[in-house]
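Take a look at the structure set out below.
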Amino acid sequence: MKPTFYISTPIYYVNDVPHIGHAYTTIACDALARHHRMKGQKVFFLTGTDEHGEKVQKSATQQGVTPRELADRVVTRFQGLTPALDITNDDFIRTTEPRHYASVQGLFLNSLRNGDIYLGEYEGWYCTPCESYWTDLQLVDGKCPECRRAADRRKEPSFFFRLSKYQRPLLDYYGKNPSFIRPESRRNEVVSFVEGGLNDLSVSRTSLSWGIPVPGHPGHVIYVWYDALTNYITGVGYPDGGEMFDTFWPADIHMVGKDILRFHAVFWPAFLMSAGVAPPLGVFAHGWWTVEGQKMSKSLGNVVDPYEMVETYGADAFRYFLLREVPFGSDGDFSRKALVHRINSDLANDFGNLLNRTLGMLGKYFAGTVPSPSPAGEEDLALIARATETVRAADAAMEKVEFHNALTAIWDLVKAANRYVDASAPWALAKDPSKRVRLGAVLYNILEATRISVLLTAPFVPSAAQRMWEALGCEGQVAAAKLSAAGAWGGLRSGVTLPKSTVAFPRIEE
Ligand code: MSP
């Protein structure tokens with residue numbers, strides 16, 4: 001196993017406040033970061049805000065403030081997602097910070113010096129919402145092929161990055177690193193795009209001032225995507241290098257939405273190759289959410305506010321829903337009905353109730369004290385084997401970034417534990433004093449299967465998992481437990497006294 005793991009979210013534009021799409025990427029990264037910490041890896045998890053560019057400047061002008069005032073105001077809404085959603089990012093980067101200016105200018109200068117960046121003139125189209133350049137041929141009915149909004153004609157002096165030169169090196173890189181772009185279907189999309197040929201890319205603007213100046217050419221500001229992508233190396237100390245850089249670069253996963261894959265899988269590795277910096281090891285593109293069957297938009301008034309979700313349903317439930325409801329990588333539909341259904345059925349009924357009813361029986365039959373395990377019968381061995389297998393399966397799914405499969409595997413264990421309760425019928429054993437040792441063994445096994453389930457759900461539902469962990473008499477933070485040690489059967493301590501009940505997941509009125 002690699003000793004380190006570096007994961008990043010995209011950095012979010014500050015032209016508007018966070019919505020479910022931003023929360024989704026950040027939550028997905030957080031679950032992975034937590035899982036990798038529990039594997040014992042040293043993790044670096046970076047998120048932040050993308051504050052320059054025409055889109056932010058335009059939004060500021062509309063609101064009658066400077067871009068910096070807008071950024072300073074909106075950034076707090078993104079930073080606030082960390083406590084609200086229980087996110088464990090190690091750093092938060094703003095592209096307006098001095099460290100980032102040094103990094104972007106440093107990277108740019110490398111390519112300027114070796115001739116990969118040259119001065120020319122840009123003539124073509126620009127889509128401000130996507131901050132993207134398009135040629136006549138690429139436009140669809142005169143509109144941006146990505147977001148289908150009107151693009152503007154532009155003609156201005158510009159520095160260009162020699163992207164055309166990197167067609168072969170990029171294709172070689174994809175060939176040698178089959179898991180660089182995931183999921184697989186997206187990889188094919190990018191490969192065909194690059195095989196179709198690459199034009200040199202405009203990487204500076206003179207008609208805009210809200211950005212990082214090109215060193216030595218103060219009339220030019222660096223293209224916002226060049227600026228933004230560079231955040232991933234700024235975060236680990238570029239251009240100075242040092243221990244952080246050596247430890248964590250190249251990043252393991254840049255998590256992105258499918259709409260911004262091309263920037264990450266084509267432009268970014270090319271910029272880095274040109275400057276002599278290793279490309280990232282992986283880019284994962286996830287799908288998009290619609291809301292109650294419709295595209296999410298301000299004009300429809302159906303934008304899902306993550307803060308409102310947390311207030312109404314709690315961070316654990318929101319996190320669980322987003323990662324369980326759709327296969328990661330596919331598009332999905334958000335609905336309150338589906339969310340409430342998942343909370344009541346998966347969280348409250350299957351999982352919460354497993355612990356709660358077992359604590360109830362433990363209180364009644366053993367005054368709450370955890371009995372000793374004892375030699376196992378066939379049905380016990382099946383449960384133990386299932387638990388062991390689930391630890392492996394959940395990890396395998398997480399390695400493939402298949403959250404839904406990890407959760408399905410964990411819930412199979414939870415359901416198996418519930419069936420074991422019903423089949424072994426502790427209430428019947430309790431009526432026969434000669435079965436007391438057996439009753440103790442059964443309760444121990446249920447609690448132990450629950451403990452392992454709690455351990456595995458900790459990356460997804462961190463607060464509830466901690467409450468359940470404590471209710472099981474386990475010490476310390478479940479988030480700090482290591483999967484290899486704590487995931488082994490038999491970790492539950494006998495002789496400790498547990499509470500008679502606990503509500504890990506309150507039910508919600510439908
Ligand atoms: N600033 C750029 C990223 C630069 S990274 C070097 C940007 N910012 S963004 O704020 O517009 O979008 C950030 C992320 O939100 C993207 O990954 C995008 O895919 C995601 N989403 C936006 N709407 C979404 C949904 N409706 N559903 C899921 N994710 C969505 O792009």
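Read the figures in this text as sums done on the coordinates, not as results from a lab. Just so it is clear, the model here is predicted, and its values are computed rather than measured. Don't worry about glycine lacking a Cβ; one is built from the backbone with ideal geometry, like all the others, and counts go over all protein chains shown.
Over segment 4-286, what portion of Cα pair distances is larger than 23 Å, expressed as a whole percent? Don't skip to the answer; put the middle values down first.
Working: 21285 of 39903 pairs.
For segment 4-286, the share of Cα pairs beyond 23 Å comes to 53 percent.
If you stretched the chain out fully between ASN188 and LEU119, how much longer would it get, using 0.36 nm times the residue separation minus the C-alpha to C-alpha distance?
Between ASN188 and LEU119, full extension yields an extra 21.6 nm.
Listing SER202, SER179 from the residue with the fewest other Cβ atoms within 10 Å to the one with the most, what is the order?
Numbers: SER202 21, SER179 14.
Lowest count first: SER179, SER202.
Along the charge dipole of the chain, which of GLY48, ALA23, SER207 sits closest to the positive end, that is, farthest toward it, with unit charges on the beta carbon of Lys, Arg, Asp and Glu (+1, +1, -1, -1)?
It is ALA23.
How high is the relative contact order of segment 4-286, in percent, with contacts defined as C-alpha pairs under 8 Å that are six or more residues apart?
Working: 490 pairs, mean separation 62.0, N = 283.
Relative contact order comes out at 22 percent.
Relative contact order of the chain, please, whole-number percent, based on alpha carbon pairs below 8 angstrom and at least 6 residues apart.
Details: 845 pairs, mean separation 79.8, N = 510.
Dividing the mean separation by the residue count of the chain yields 16 percent.
Starting with the highest mean, order 102-115, 480-493 by the number of other Cβ atoms within 10 Å, averaged over the residues of each peptide.
Numbers: 102-115: 19.0, 480-493: 15.4.
For the peptides 102-115, 480-493, the packing ranking is 102-115, 480-493.
How high is the FRET efficiency from LYS482 to ARG148, r the C-beta distance, R0 41 Å, rounded to 0.05? Write out the running numbers ahead of the final one.
On the way: r = 48 Å, r/R0 = 1.18.
Result of the calculation: an efficiency of 0.25.
Relative contact order (percent) for segment 59-189, with alpha-carbon contacts under 8 angstrom and 6 or more residues of separation? All intermediate terms of the calculation are to be shown ahead of the outcome.
Details: 97 pairs, mean separation 21.7, N = 131.
After rounding, I find 17 percent.
Need one number: nm distance between label points at ARG68 and GLU308, each 7 Å from Cα along Cα→Cβ, rounded to one decimal.
The modelled label-to-label distance comes out at 3.4 nm.
Ignoring everything except DSSP H segments at least 4 long, calculate the 222 nm mean residue ellipticity for the chain; use -39,500 (n - 2.57) per segment, divide by total residues, nearest 500.
Values: 21 runs with 231 residues, N = 510.
One gets -13500 deg cm²/dmol as the mean residue ellipticity at 222 nm.
Give me CYS474, CYS29 ranked fewest to most by other Cβ atoms within 10 Å of their Cβ, as a rough exposure proxy. Could the numbers behind the result be given before it?
On the way: CYS474 20, CYS29 24.
Fewest-to-most ranking of CYS474, CYS29: CYS474, CYS29.
To make sure I understand, if each residue's beta carbon is the centre and we count other beta carbons within 10 Å, what order do ILE410, ILE260 fall in, fewest to most? If you can, show how the numbers build up before the last one.
Numbers: ILE410 24, ILE260 20.
Ranked by crowding around the Cβ, least crowded first: ILE260, ILE410.
For segment 35-128, build the charge dipole from Cβ charges (+1 Lys, Arg; -1 Asp, Glu) around the Cα centre, then report which of GLN57, GLN79, LEU107 sits farthest towards its positive end.
Ranked along the dipole, the leading option is GLN79.
If you check each cysteine of the chain for another cysteine whose beta-carbon is under 4.7 Å away, which ones come up empty?
Isolated Cys, the chain: CYS29, CYS147, CYS474.
Report the paramagnetic label zone for SER179: residues of segment 275-292 whose backbone N is under 12 Å from a point 7 Å from Cα along the Cα-to-Cβ axis.
Within reach of a label on SER179: 281-283.
In segment 258-314, what trypsin sites (Lys or Arg not before Pro) fall in a loop by DSSP, with at most 12 other Cβ atoms inside 10 Å?
Values: sites: LYS258, ARG262, LYS295, LYS298; in loops: LYS295, LYS298.
Passing sites in segment 258-314 are LYS295, LYS298.
Out of the DSSP beta bridges found with both residues in segment 193-342, what percent are antiparallel (nearest 5)?
Numbers: 5 of 13 bridges.
Of those bridges, close to 40 percent are antiparallel.
For ASP246 and LEU381, compute 0.36 nm times the residue count separating them, minus their Cα-Cα distance, and round to one decimal in nm.
Working: separation 135, 0.36 × 135 = 48.60 nm, distance 4.59 nm.
Taking ASP246 through LEU381 to full extension adds about 44.0 nm, to one decimal.
Nearest-5 percent of antiparallel DSSP beta bridges in the chain?
Values: 23 of 47 bridges.
About 50 percent, rounded to the nearest 5.
State which helices in the chain qualify, where a helix is a whole DSSP H run, it must extend 18 Å or more along its own axis by its Cα atoms, and its mean Kyte-Doolittle hydropathy must be at least 0.5. Could the numbers behind the result be given before it?
Details: long enough: 20-38 (27 Å, -0.04); 98-113 (22 Å, -0.24); 353-366 (19 Å, 0.12); 378-399 (32 Å, -0.03); 403-424 (31 Å, 0.14); 436-457 (32 Å, 0.90).
TM-like helix candidates: 436-457.
What FRET efficiency comes out for the pair ASP16/ALA102, r = Cβ-Cβ distance, R0 = 22 Å, nearest 0.05? The partial results should precede the final answer.
Numbers: r = 28 Å, r/R0 = 1.28.
Efficiency at R0 = 22 Å is approximately 0.20.
So how far apart, in nm, are the two label points at THR82 and HIS341 if each is 7 Å from Cα heading toward Cβ?
Label-label distance for THR82 and HIS341, simple model: 3.7 nm.
Can you work out the FRET efficiency for the pair LEU109 and SER164, with r the C-beta to C-beta distance and R0 = 22 Å, to the nearest 0.05?
FRET efficiency, LEU109 to SER164: 0.60.
Once the piece of chain linking TRP427 and THR497 is laid out straight, how much longer is it, given 0.36 nm per residue of separation minus the C-alpha distance between them? Don't jump to the answer; show the numbers that get you there.
Numbers: separation 70, 0.36 × 70 = 25.20 nm, distance 1.99 nm.
Gain on stretching TRP427 to THR497: 23.2 nm.
What translational diffusion coefficient, in µm²/s and rounded to a whole number, does the Stokes-Einstein relation yield for segment 335-486 at 20 °C and a viscosity of 1.002 mPa s, taking the hydrodynamic radius as the Kirkwood radius over Cα pairs? Kindly include the intermediate steps, with their values, before the conclusion.
Values: Rh = 16.0 Å.
Estimated via Stokes-Einstein, D reaches 134 µm²/s.
So how compact is segment 426-502: Cα radius of gyration and Dmax in angstrom?
Gyration radius and largest Cα-Cα distance of segment 426-502: 13.7, 42 Å.
Run the quick spin-label model on LEU281 and SER463: label points 7 Å from Cα toward the beta carbon, then report their separation in nm to one decimal.
Label-label distance for LEU281 and SER463, simple model: 3.3 nm.
Considering only C-alpha atoms, what is the centroid distance from segment 59-116 to segment 367-390, in Å?
Using only Cα atoms to place each centre, the spacing works out to 51 Å.
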